[in-house]
Structures are given as C-alpha cells and as structure tokens.
Amino acid sequence: MAGGEAGETDKPLVLNTGAAGGIGTALTQSLQPDYRVIGLDMVPAKAADASFEFDLTSAESVQLALQKVADEQGKQLAAVVHLAAYFDFSGEESPMYQAVNLDGTRHLLRALRDFEVARFIYSSTMLVHQPGVPGQKITENTPIGPRWIYPRSKAQTEDIIREEAGAMPYTLLRLAGVYDEHSCVPTL
C-alpha cells in the first residue's frame, strides 16, 4: 500500500474497478486527497493506494480479489465505482459483452454482499436512451431504447444492478462521450 502519512488509514475506502484505465486513473487521483482508493483491474492500477488484479469474467477471481481487499483493507467501503466494462467500436455482437458487462457485474455485486457498501456507482452510458432528434435534450425521463450491442449491454447491466443490489444503495451514472486534452473516443 502506498502512502504512510498520519491519518492515511483513517480515510474512507473507495473500491474502483477498471482503475488502471484512463478514467480509472483520473478518478483515483481526484479522490486520493480524501479517500484511500483500492484499484481492481486486469493489470496493476499504479495510481491506486492498493491494487488487486482480477478477472471480472470469473466469479472465483472476483471473490478472491475481494477477499484480499477485506483481509488487507477491511469490509467497510464508502463507495464502489464500477468502471470496468467491455466495449469495441465494431458494433458487432461479442460474447465479451455478456461475460464482462452483465455476468461480471453480477459476480461483483454478489461478492460485495459480505461488505458494507455506502454507495455502488455504475458507469453506464447515455446511449441506453432512445435516440432523439438534434436539439432534443436527453433526460432521465427519456425512454430506454438502445439501438446496438454496447448500450444494450449497459441497459441490461442496469437491470442486473436493480435485481442484485438488494439493500445496497446504487447510482446509475450515464456518461456521455468521455475525452480530455490527450484522448477521446474515436467518434469524437
């Protein structure tokens, strides 16, 4: 675990899946003044205070990683930010959407049942909504109607969260295109 300043271990814990990616790294760095950020990803999350490798497609791998988190960091989490997901720009069906986005989220939620989670935050997409016409605003009341595989998988994952979260409070964060001064999604 990085950092050893006085009071560091008193900071609330945030678990961040997809922590080694661009958004995960930026989120980790922005949270660190106030939180200890624990990264979960397929590769080490270098910016995190502690990092655990896991394979979201494997219930056993998720359970093992979360057991390590519990053993080393405790079971009280201020938040779980679930960024990890499968996405490609081909628009083609892929079994990875089911394995990562749907089944992986189910594995994560089930493994979190032994934790005290103050808030589960899922990074979804505005693309779950029915497309509108130019100038028409998309709001939370816009009907759900994704038109291709990626947003369809995200909408289905939102349903899984509603089913599996139980008493765990959750937020569905529907992001638009994500970009910064260094990178962006290819459609931008």
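Matching residues to (1) in contact with a Phe, Trp or Tyr (Cβ under 8 Å, 6 or more places away or on another chain); (2) at pLDDT below 95:
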residue	(1), (2)
Gly18	no, no
Gly21	no, yes
Asp34	no, no
Ala48	no, no
Asp55	no, no
Gln63	no, no
His82	yes, no
Gly91	yes, yes
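So which strands (runs of 3 or more DSSP E) stay within region 1-103 end to end and still have 2 or more residues that are in contact with a Lys or Arg (Cβ under 6 Å, 6 or more places away or on another chain)?
Working: elements: 13-17, 36-41, 50-53, 79-82.
Those strands (runs of 3 or more DSSP E) do not exist here; none qualify.
Between Leu77, Leu102, which is open to solvent by less than 30 Å² (accessible area, probe 1.4 Å) and closer than 18 Å to Leu13 by Cβ?
On the way: Leu102 fails: closer than 18 Å to Leu13 by Cβ.
One residue alone meets the criteria, Leu77.
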State which residue pairs qualify: first residue among the acidic types (Asp, Glu) and inside region 89-110, second residue open to solvent by less than 70 Å² (accessible area, probe 1.4 Å) and not in a helix (DSSP H, G or I) in any location, beta carbons under 7 Å apart, and separation of 6 or more residues or different chains.
Asp103/Thr57
Every listed condition ((1) open to solvent by 30 Å² or more (accessible area, probe 1.4 Å); (2) farther than 27 Å from Asp10 by Cβ; (3) in a strand (DSSP E or B); (4) of a type outside the set (D, E, K, R)) holds for Ser123 save (1)
Going through (1) in contact with a Pro (Cβ under 6 Å, 6 or more places away or on another chain); (2) closer than 24 Å to Gly166 by Cα one by one, Ser51 fails only at (2)
Mind checking whether some residue in region 118-132 is closer than 13 Å to Ile38 by Cβ and in contact with a helix residue (DSSP H, G or I) (Cβ under 7 Å, 6 or more places away or on another chain)?
no
The one condition Asp103 fails out of (1) among the acidic types (Asp, Glu); (2) over 14 Å from the mean Cα position of the chain (by Cα); (3) within 16 Å of Gln63 (Cβ to Cβ) is (2)
Enumeration of residues in region 167-188 that are modelled with pLDDT of 95 or more and exposed (fewer than 10 other Cβ atoms within 10 Å of the Cβ):
Ala167
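Could you tell me which of the residues Glu93, Glu164, Glu140, Glu116 is open to solvent by 70 Å² or more (accessible area, probe 1.4 Å), closer than 30 Å to Gly74 by Cβ and either touching a strand residue (DSSP E or B) at 6+ places or on another chain (Cβ under 7 Å) or acidic (Asp, Glu) (or both)?
Details: Glu93 fails: closer than 30 Å to Gly74 by Cβ; Glu164 fails: open to solvent by 70 Å² or more (accessible area, probe 1.4 Å); Glu140 fails: closer than 30 Å to Gly74 by Cβ.
Exactly one residue qualifies, and that residue is Glu116.
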List the number of the failed condition for Val133; all other conditions in (1) of a type in the set (A, V, I, L, M); (2) open to solvent by less than 50 Å² (accessible area, probe 1.4 Å); (3) farther than 20 Å from Ile23 by Cβ hold.
(2)
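The values are calculated or read from the model by the stated rules, or taken from the named source; none is laboratory data. Quantities reported herein were computed from a predicted structural model and do not represent experimental measurements. Please note: Cβ atoms are built from the backbone with ideal geometry, for glycine as well, and neighbour counts cover all protein chains shown. Quick note on the areas: whole protein, heavy atoms, side chains included, nothing else; ligands and nucleic acids left out. Shrake-Rupley method; radii C 1.70, N 1.55, O 1.52, S 1.80 Å.
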